Amino acid sequence: MLSVDALQVHYGSTHAVRDVSFSVQDGRPLGLIGPNGAGKTSVLSALSRLVPSAGRMHFDGYDLGGWSPDRVARAGLIHVPEGRRVFPNLTVRENLLMGLRARGGRASEYDMDDVFDLFTPLRPLVDRLGFALSGGEAQMVAVGRGLLGAPRLMMVDEPSLGLSPLMTEAVTSALIEIGSRTALMVVEQNLQVTARICPEALVLQAGAVVIQGPTADLLASEDVVASYLSG
């Protein structure tokens, strides 16, 4: 589905991503974990062609080099960015429908009813404006908008960031279901959340992969947690 080899991202003199390589297969959600500044978001931004990068990136057999962000999205590589980015003056329904812009003529496994089945708290909020949503509600809208874009592979950045335990559970449960139906990458700082969604993960530090393996093993390793995931 997705193959990345020797990915590099620079911001001026800052080397944000250093020779990162991995692959994502359908039915095997992959987590990217690590502390702030590890390069996780930069990896997703490079794949979405939002930032310049070097290295090789192939999605569904196509080389992403030289592609524009809208072409990437219309091919089905859907990015749900950190910060939710819900349109404040659009309703929940209107925000969700914005996802259709990325679908083009591709068939989709998800429609509006599927989104509301995954995120039941949104059903009574269809006419609520984006600025009036809680952080958890906005995160549900952001993920739902991505689903309506007919993802072949969906990348979700920091889905639990700033959420209450109740909303974290709701979003995590939905991503577990999504990952059983759709290829998925999840960027997270919370290893417990990642382990529930993704059977495998990369640990990034200072832009480089320091460990790759089953999330259950990473979660069980006190050394990994203490060295790379605390603080």
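Going through (1) over 26 Å from residue 5 (Cα atoms); (2) at pLDDT 95 or above one by one, residue 226 falls short only on (2). Look at segment 72-100: where a residue is surrounded by 18 or more Cβ atoms within 10 Å (Cβ to Cβ) and a partner is among the aromatic types (Phe, Trp, Tyr), sitting 6+ places away or on another chain with Cβ atoms under 6 Å, you get 77/59; 95/87. Among the residues of segment 50-71, those that are without any contact (Cβ under 8 Å) to a residue 40 or more places away in the chain and not aliphatic (A, V, I, L, M) comprise 61, 62, 63, 65, 66, 67, 68, 69, 70, 71. Name the residues in segment 111-150 that are over 15 Å from residue 98 (Cβ atoms) and among the β-branched types (Val, Ile, Thr), would you? Passing the criteria: only 120.
Which one is nearest to residue 33 (Cα to Cα) among residues in segment 156-177 that are in contact (Cβ under 8 Å) with a residue 12 or more places away in the chain and of a type in the set (Ser, Thr, Tyr)?
So, considering only residues that are in contact (Cβ under 8 Å) with a residue 12 or more places away in the chain and of a type in the set (Ser, Thr, Tyr), the one nearest to residue 33 (Cα to Cα) is 160.
The values are calculated or read from the model by the stated rules, or taken from the named source; none is laboratory data. Nothing here was measured: the structure is a model prediction, and the numbers come from that model. Methodologically, a virtual Cβ is constructed for each residue, glycine included, from the backbone with ideal geometry; neighbour enumeration extends over all protein chains shown.
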